[in-house]
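Student: Before we start, here is the structure in question, set down as structure tokens.
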Amino acid sequence: MKRLFYSEKWAPYFFVSPFVLAFLIFFLYPTASTINMSFHEVLGLNSSKFIGLDNYRRMFNEHFINALQTNTIYTILSLLILIPIPVIFAVLLNSKLVKGKTLFKSVIFIPALTSVIVAGVSFRLMFGEADTALINSFIAKLGISPQNWILNYGTGMMLMVILNTWRVAGINMIYYLAGLQSIPEELYESAEMDGANVFRKFYWITLPLLKPIIIYTLTIGIFEGYRMFGESYVFWNEGMPGDIGLTIVRLIYQQAFQRNDMGMGSAIGITLLLIVLTVNLVQLKLFGLFNKE
């Protein structure tokens, strides 16, 4: 064993073997099994019938289109908030103008440590349909009639985006703050000597040097947006009138586990994988990450 550990030929394979085994067992095999299952009608634990593309044909119905639309709108709205707002927070906390930086960092980051289910239950109570719910009682003082927040598509989407923003903004802020602290101060001093103001320094120095982190958060945001489940489940844990809050992962859950149609659930899952892969490859191409330079 000692000779194996110190062997230049075999030691690298030995040390990467745990990752390789984990990848094969927990990722590659389930993915291959899901692809295979998507072409079958699963009749039992050890019984299935090959049906070709029938699951994919049945998948493209009104419910799938509504779920795809919900995920797309949710992802776009989340990214429009979770990229610029955390950047602004990070710039302010990295400047010398803000006092008590540690306190503000903690306040903004702590929601990221909260479970989406626990946070969602709190949000559901605050945005309850009763007149005595926190938000309804507040808007009643402004002369606005109480709202049934989760029974309207627009307000339901707003609740999911607000919940996600409250939880994720702190994580993105930490990413951007780490990127800002790696930018040499000499660049800003040189820009000041050339007469650049705060906005010019932000546009010509800060944003270009934060580009890799912005692309990273954008990629992760697209992935998280299309795989969203918890934010939908906490507001609509049973029926969803008019497919309000129905997402692609929620549709997979309904088909595969509630209706025991594992073939259909697998087909939706593979389609979701292709959608996320395509969207991320397009945005990476647009940002020039595949250019040789």
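The values are calculated or read from the model by the stated rules, or taken from the named source; none is laboratory data. Note that this is a predicted model, so its numbers are computed, not measured. Cβ: placed from backbone, ideal geometry, glycine included. Neighbour counts: every protein chain shown. Heads up: the accessible areas ignore ligands, DNA and RNA and are worked out on the full protein's heavy atoms, side chains in. Shrake-Rupley method; radii C 1.70, N 1.55, O 1.52, S 1.80 Å.
Student: Using only the Cα atoms of region 1-139, build the gyration tensor, take square roots of its eigenvalues as a ≥ b ≥ c, and label the shape rounded, prolate or oblate: rounded if a/c is under 1.5, else prolate if a/b is larger than b/c, else oblate. Don't skip to the end; give the middle numbers.
Tutor: Numbers: a/c = 2.66, a/b = 1.22, b/c = 2.18.
Since a/c reaches 1.5 but b/c is at least a/b, the shape of region 1-139 is classed as oblate.
Student: Something else: What is the calculated FRET efficiency for Arg259 to Ile73, with r their C-beta to C-beta distance and R₀ = 25 Å, to the nearest 0.05? If you can, show how the numbers build up before the last one.
Tutor: On the way: r = 26 Å, r/R0 = 1.03.
Working from the Cβ atoms, E equals 0.45.
Student: Moving on to the next point. Please tell me the relative contact order of the chain in percent, rounded to the nearest whole number, where contacts are Cα pairs under 8 Å and at least six residues apart. Intermediate values should be presented prior to the final figure.
Tutor: Values: 292 pairs, mean separation 82.2, N = 293.
This gives 28 percent for the chain.
Student: Turning to a different aspect of this structure: Write out the trypsin sites (Lys or Arg not before Pro) in region 219-293 meeting two conditions: DSSP loop, and at most 13 other Cβ atoms within 10 Å of their Cβ. Provide the component values of the computation, followed by the final result.
Tutor: On the way: sites: Arg227, Arg250, Arg259, Lys285, Lys292; in loops: Arg227, Arg259, Lys292.
Those that pass, being in a loop and sparsely packed, are Arg259, Lys292.
Student: Next up: Note down the accessible area of Asp131, probe 1.4 Å, to the nearest 10 Å².
Tutor: Looks like 110 Å² after rounding.
Student: Test of understanding: in a Gaussian network model of the chain with alpha carbons linked when under 10 Å, which of Leu43, Leu97, Leu246 would top the mean-square fluctuation ranking?
Tutor: Per the Cα network of the chain with a 10 Å cutoff, Leu97 tops the list.
Student: Here is a follow-up. Of Glu189, Glu231, which has the most accessible area with a 1.4 Å probe, and how do the rest follow in descending order? Don't skip to the answer; put the middle values down first.
Tutor: Details: Glu189 95, Glu231 15 Å².
Largest to smallest exposure gives the sequence Glu189, Glu231.
Student: To continue, here is another question. Count the net charge of all other residues whose Cβ sits under 15 Å from the Cβ of Arg200, scoring Lys and Arg as +1 and Asp and Glu as -1.
Tutor: -2
Student: Something else now. Only one of the listed values, (1) 5, 19, 24, 24, 17, 8, 2, 0; (2) 7, 32, 39, 19, 2, 0; (3) 6, 26, 29, 23, 12, 3, 0, was derived from the coordinates as P(r) over Cα pairs in 10 Å bins from 0, in percent; which label is it?
Tutor: (1)
Student: Given springs between every Cα pair under 10 Å in a Gaussian network model of the chain, which of Ile252, Ile205, Ile25 has the largest fluctuation?
Tutor: Answer for the Gaussian network model of the chain: Ile25.
Student: Continuing with the same structure: Rank these residues by their accessible area, most exposed first, probe 1.4 Å: Lys101, Lys201.
Tutor: Values: Lys101 65, Lys201 30 Å².
From most exposed to least exposed: Lys101, Lys201.
Student: So which trypsin sites (Lys or Arg not before Pro) in region 1-79 end up in coil per DSSP with only 10 or fewer other C-beta atoms within 10 Å? The partial results should precede the final answer.
Tutor: Values: sites: Lys2, Arg3, Lys9, Lys49, Arg57, Arg58; in loops: Lys9.
Here the sparse-neighbourhood loop sites are Lys9.
Student: Take the Cβ-Cβ distance between Ile183 and Leu113 as r, set R0 to 30 Å, and report the resulting FRET efficiency rounded to the nearest 0.05. Write down the numbers at each step before the final one.
Tutor: Details: r = 28 Å, r/R0 = 0.92.
Calculated transfer efficiency: 0.60.
Student: Go through Thr31, Thr132 and list them by solvent-accessible area, largest first, probe radius 1.4 Å. Intermediate results must be reported in sequence, preceding the final value.
Tutor: On the way: Thr31 40, Thr132 125 Å².
Accessible-area ranking of Thr31, Thr132, largest first: Thr132, Thr31.
Student: Here is a follow-up. Given a cut-off of under 8 Å on Cα pairs at least six residues apart, what relative contact order in percent is computed for region 97-146?
Tutor: Details: 24 pairs, mean separation 8.6, N = 50.
Averaging sequence separation for qualifying contacts and normalising by length gives 17 percent for region 97-146.
Student: Leaving out ligands, DNA and RNA but keeping every protein chain, what accessible area does Ser95 have, in Å² rounded to the nearest 10, with a 1.4 Å probe?
Tutor: Looks like 30 Å² after rounding.
Student: To continue, here is another question. Give the distance, in whole Å, between the Cα centre of region 1-57 and the Cα centre of region 140-208.
Tutor: If we compute the Cα centre of each part, the gap is 40 Å.
Student: Please report, ordered by residue number, every helix of the chain (full DSSP H runs) that is 30 Å or longer along its axis going by C-alpha atoms and whose mean Kyte-Doolittle hydropathy reaches 0.5. Working shown, then result.
Tutor: Working: long enough: 153-181 (41 Å, 0.88); 262-286 (36 Å, 1.76).
What comes out of the filter, once short or polar helices are dropped, is 153-181, 262-286.
Student: Shifting gears a bit: Go through region 58-144 and name the chymotrypsin sites (Phe, Trp or Tyr not before Pro) that are in a DSSP coil and have 14 or fewer other Cβ atoms within 10 Å of their Cβ. If you can, show how the numbers build up before the last one.
Tutor: Numbers: sites: Phe60, Phe64, Tyr74, Phe89, Phe104, Phe109, Phe123, Phe127, Phe138; in loops: Phe60, Phe127.
Loop-located and lightly packed - Phe60.
Student: Leaving out ligands and nucleic acids, and using a 1.4 Å probe, what accessible area per residue does the chain come to in Å²?
Tutor: On the way: 18270 Å² over 293 residues.
On a per-residue basis, the chain sits at 62 Å².
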